[in-house]
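Accompanying notes for the structure given below.
The values are calculated or read from the model by the stated rules, or taken from the named source; none is laboratory data. Computed from a predicted structure; not experimentally measured. Ideal geometry is used to build each Cβ from the backbone, glycine not excepted, and the neighbour counts take in all protein chains shown.
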Amino acid sequence: MHRSFFVRPLFMLIFCICLLCACNPPADHEASDEPPVFSPLRVLVPEAPGTEILGNPPLTLDVSNTDQGYLTARNDSPEKRANLQLQAPDSVLYSYFLEPGETAVIPFTGGGGNYQITCYQQVSGSQYAALYAEQIEVILENEFLPYIYPNQYVNFSPESEVSKKALSMLPDDAADVEALDAVYTYVTGSIIYDTEKAANVDAGYLPDVDDTLESGTGICFDYAALMTAMLRSRDIPCKLQIGYSGDIKHAWIDVYIRSKGWVEGAIVFDGETWQRMDPTFDANSTDKDFIRSFIGDGTNYTVQFTR
């Protein structure tokens with residue numbers, strides 16, 4: 001049986017979020033197989049114009065901007081939670097819960113293709129009743145958009161302190177690898193692992209990136225969401241990965257480097273050599289050799305969901 005998310009403080013101190021850096025990016029250009037280029041940099045803001053709606057209250061879906069890589073879901077119930085399940089083209093079943101009165105951005109992180117959507121409303125406790133089911137075809141304007149926009153798991157805006165911090169670190173024309181290095185250095189030097197929080201975190205916990213930035217503390221999930229938000233604020237595609245390192249529930253990130261592609265498997269490039277790195281252990285641990293030996297070559301990392 002797998003161990004629970006963030007309930008083993010010692011192991012979670014060891015296994016936290018992994019950052020990646022890589023080679024220099026090429027000159028900016030727009031192409032269907034490259035991320036969009038924004039000059040100046042801008043934080044993308046999801047919209048819900050209501051031009052195309054699925055379902056009815058208490059749970060309605062605004063699918064007006066599926067080509068941007070997301071839909072917007074609203075739970076109008078004043079007291080009942082809602083559940084939205086997406087069967088993605090990559091065969092992964094994604095589940096999202098909305099609190100009463102909550103509006104959430106739901107990303108199409110399974111890429112373009114057909115999504116089967118099933119919506120539920122809470123009856124009592126963990127019991128839910130089906131509301132309706134729909135199927136939609138998602139044709140993305142750019143395949144990287146789901147990894148640049150904010151969403152329910154990586155929630156930020158132009159007004160967020162995390163966005164302001166990311167944009168203030170470097171000039172707009174800084175290379176991707178410079179931004180990665182700046183974000184990594186800042187997070188590992190500023191955020192302390194919260195063992196008490198790890199031992200008591202509630203099921204269904206979602207990070208608050210501004211709270212992590214302000215408090216200077218967090219657990220693995222917080223590290224992952226904070227780094228993802230900061231990189232996306234600089235228009236750098238970043239995947240928040242949730243899964244396992246061995247049998248320990250874990251969160252980490254993959255980053256897209258122009259001309260290099262997706263850099264995966266928790267690897268960092270220091271300009272000369274490749275090595276494994278984990279910012280939480282780098283910020284807190286005194287037994288780095290042991291942790292490096294346990295983390296290994298990345299083959300023990302298993303992705304469950306991309307957010």
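Details
- Number of the exception - PRO100 against (1) within 30 Å of ARG42 (Cβ to Cβ); (2) at pLDDT 95 or above; (3) out of contact with any Leu (no Cβ under 7 Å at 6 or more places or on another chain): (1)
- Under the condition of being part of a loop (DSSP other than H, G, I, E, B) and among the hydrophobic types (A, V, I, L, M, F, W, C), the residues counted in segment 138-162 number 6.
- Selection count, segment 101-111, where residues are in a loop (DSSP other than H, G, I, E, B) and within 18 Å of the chain's Cα centre (by Cα): 4
- Among residues of segment 233-244 that are free of Cβ contacts under 8 Å to residues at least 40 places away in the same chain, none has a beta-carbon under 6 Å from a residue that is buried (at least 21 other Cβ atoms within 10 Å of the Cβ) and outside any strand (DSSP E or B) at least six positions away or on a different chain.
- If you go through segment 101-117 and keep only what is surrounded by fewer than 17 Cβ atoms within 10 Å (Cβ to Cβ) and among the hydroxyl-bearing types (Ser, Thr, Tyr), you end up with just THR103.
- Of all residues making up segment 227-263, the number that are outside any strand (DSSP E or B) and either at positive phi or small (Gly, Ala, Ser) (or both): 5
- Residues within segment 54-74 that are under 22 Å from the mean Cα position of the chain (by Cα) and in contact (Cβ under 8 Å) with a residue 24 or more places away in the chain, tallied: 11
- Residues in segment 57-100 that are charged (D, E, K, R), crowded, with 16+ Cβ neighbours inside 10 Å and not in a loop (DSSP other than H, G, I, E, B): ASP62, ARG74.
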